[in-house]
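All remarks here apply to the structure that follows.
The values are calculated or read from the model by the stated rules, or taken from the named source; none is laboratory data. Only a predicted model underlies this, so the values are computations on that prediction, with no experimental measurement involved. We place every Cβ from the backbone using ideal geometry, glycine too, and count neighbours over all the protein chains shown. To get the accessible areas, we keep the full protein, side chains included, count just its heavy atoms, and leave off ligands, DNA and RNA. Shrake-Rupley method; radii C 1.70, N 1.55, O 1.52, S 1.80 Å.
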Amino acid sequence: MGFLRIRTTVDERPGRLASLASALADRGGNILGLSVQSDPDGTVDEFVADIPATPETVREALEAAGGRRVQVVPATAHELTDEPTRALLLASRLRAMPWRLPELLAELLRADDARWIYGDSVSDLPDPTLLIVPVAARRAVRLRRSGLPFTLTEAARAASFVRLAQPASEPMGNEREVKLRDDTKVTVRPLTSIYREAVRDLHDRCSPESRRFRYFTAMPALPPRTFDRLCDRSKGYSMVAGHDGQVVAMANLLYTPDPGVAEIGLLIEDGWQGRGLGVAMARMLVGVARDLGCAEIRATLLSDNQRMRRLLLSLGATLAYTEDPGVMEARLPVATMASA
């Protein structure tokens, strides 16, 4: 018998996890730990199992059950500690000794090596066994782990961990003043029920094309149930931008069924488009997603929505066509903007 840490990527379809668990059970495996993580190519299921089979046998069994990029490495009983408890203990140590950030990050992600790096560029490297965690504009921690590539979820955990060693930021619930490219100032606030009429007026003033880009149909008004959902903090986070007593834009971040993934949406009044408001609100939502522990932001958009395409690309998102040739999907790892 031996402990193994097993990781495999699966398609996001019902029943895949059950198939993998059955494959391990058929080899006499006892699953002692499980985590589900987000990754650009699907969902990553990670098991810690006590199993008598060899790593190669386990790999073959999971591949036959639908797993992709199956990786199996030795584990120890020490890795069976409760993960939330372990993370909280490391967070407590970091608050007391922030100068030990690289060492504690390595413990958090079970990395083989961690060290400071400095320079103009601290962007992610193409090697999946390396993770660059931004700390400031020209400073980052580089982690290396030879056994298992880092996932988007782990990158998000690392970014959240880094924030514990930094000065406290302004609470996301506070209003913020934003200066646009033409020096006009707008105020951004969390969406609440008091803005029901103002959001209805925003939809009235937006052109059918702007509404079509946001909702895929020229929705003349936002249904009351949809508005209530946007205000519900258990389902996500939304904000509005106001100027001279009117709501001129709305930005939404909604949780999805995929773990660690949220979806972003923007509606900007026509006269306020192209002035930097959409980018500013999108960046705020990325910060909110980071604070909420999301690993990835996604957006579904019509392929002829050129403004939204440029905005998402400017944030570092990747775009791909879906099965519908008129619809695209954007994916943005939250950790890539951790220092923004």
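Give region 210-233 a look and list any residue that's under 24 Å from GLU329 (Cα atoms) and without any contact (Cβ under 8 Å) to a residue 60 or more places away in the chain, or say none. Explain how you work it out, then say what you get.
We begin by selecting, within region 210-233, every residue under 24 Å from GLU329 (Cα atoms); these are 210-219, 222, 226-227, 229-230.
Within region 210-233, ARG211, ARG214, TYR215, THR217, ALA218, MET219, LEU222, THR226, PHE227, ARG229, LEU230 qualify.
Would you mind telling me which numbered condition in (1) in contact (Cβ under 8 Å) with a residue 60 or more places away in the chain; (2) open to solvent by 40 Å² or more (accessible area, probe 1.4 Å); (3) part of a helix (DSSP H, G or I) GLU79 fails?
For GLU79, the failing item is (2).
What number of residues within region 177-214 satisfy the criterion of being of a type in the set (Ser, Thr, Tyr), loosely packed, with under 15 Cβ neighbours inside 10 Å and over 14 Å from LEU277 (Cβ atoms)?
3
For ARG307, indicate whether it is closer than 21 Å to TYR215 by Cβ, open to solvent by less than 50 Å² (accessible area, probe 1.4 Å) and among the basic types (Lys, Arg). Don't jump to the end; show me each part of the working.
On the way: closer than 21 Å to TYR215 by Cβ: yes; open to solvent by less than 50 Å² (accessible area, probe 1.4 Å): no; among the basic types (Lys, Arg): yes.
The answer is no for ARG307.
So is GLU56 under 25 Å from GLY260 (Cα atoms) and open to solvent by 10 Å² or more (accessible area, probe 1.4 Å) or not?
Details: under 25 Å from GLY260 (Cα atoms): no; open to solvent by 10 Å² or more (accessible area, probe 1.4 Å): yes.
In short, no.
Check every one of the strands (runs of 3 or more DSSP E) wholly within region 246-340 and list those with 2 or more residues that are in contact (Cβ under 8 Å) with a residue 12 or more places away in the chain and β-branched (Val, Ile, Thr). Walk me through how you get there before you give the answer.
Numbers: elements: 246-255, 261-268, 296-302, 318-321, 327-333.
Filter on region 246-340 gives 246-255, 261-268, 296-302.
Could you tell me which of the residues ALA295, ALA289, ALA338, ALA299 is modelled with pLDDT of 95 or more and of a type in the set (A, V, I, L, M, F, W, C)? First the steps, then the outcome.
Numbers: ALA295 fails: modelled with pLDDT of 95 or more; ALA289 fails: modelled with pLDDT of 95 or more; ALA338 fails: modelled with pLDDT of 95 or more.
It is ALA299.
Would you check if LYS179 is free of Cβ contacts under 8 Å to residues at least 12 places away in the same chain and over 26 Å from the mean Cα position of the chain (by Cα)? Steps first, answer last, please.
Working: free of Cβ contacts under 8 Å to residues at least 12 places away in the same chain: yes; over 26 Å from the mean Cα position of the chain (by Cα): yes.
So LYS179 passes the test.
Could you list all residues from region 217-253 that are closer than 28 Å to LEU180 by Cβ, of a type outside the set (D, E, K, R) and open to solvent by 60 Å² or more (accessible area, probe 1.4 Å)? Outline the logic, then answer.
Let us first name the residues in region 217-253 that are closer than 28 Å to LEU180 by Cβ, namely 218-222, 226-227, 230-231, 233, 236-253.
Going one step further and asking which of them are of a type outside the set (D, E, K, R), we end up with 218-222, 226-227, 230-231, 236-243, 245-253.
Listed by number, the residues that qualify are PRO220, HIS243, GLY245, GLN246.
Given the options ALA282, ALA262, name the one that is of a type in the set (A, V, I, L, M, F, W, C) and touching a Gly at 6+ places or on another chain (Cβ under 8 Å).
Answer to the check: ALA262.
For region 279-304, how many residues are within 14 Å of VAL188 (Cβ to Cβ) and open to solvent by 10 Å² or more (accessible area, probe 1.4 Å)?
Adding up the residues that qualify gives 5.
With of a type in the set (Gly, Ala, Ser), modelled with pLDDT under 85 and either in a strand (DSSP E or B) or more than 22 Å from VAL261 (Cα to Cα) (or both) as the only criterion, which of ALA140, ALA106, ALA168 stands out? Spell out the reasoning first.
Values: ALA140 fails: modelled with pLDDT under 85; ALA106 fails: modelled with pLDDT under 85.
Of the residues listed, the single one that is of a type in the set (Gly, Ala, Ser), modelled with pLDDT under 85 and either in a strand (DSSP E or B) or more than 22 Å from VAL261 (Cα to Cα) (or both) is ALA168.
Answer with yes or no whether LEU34 is among the aliphatic types (A, V, I, L, M), closer than 19 Å to GLY260 by Cβ and either at pLDDT 90 or above or assigned to a strand (DSSP E or B) (or both).
Yes, satisfied.
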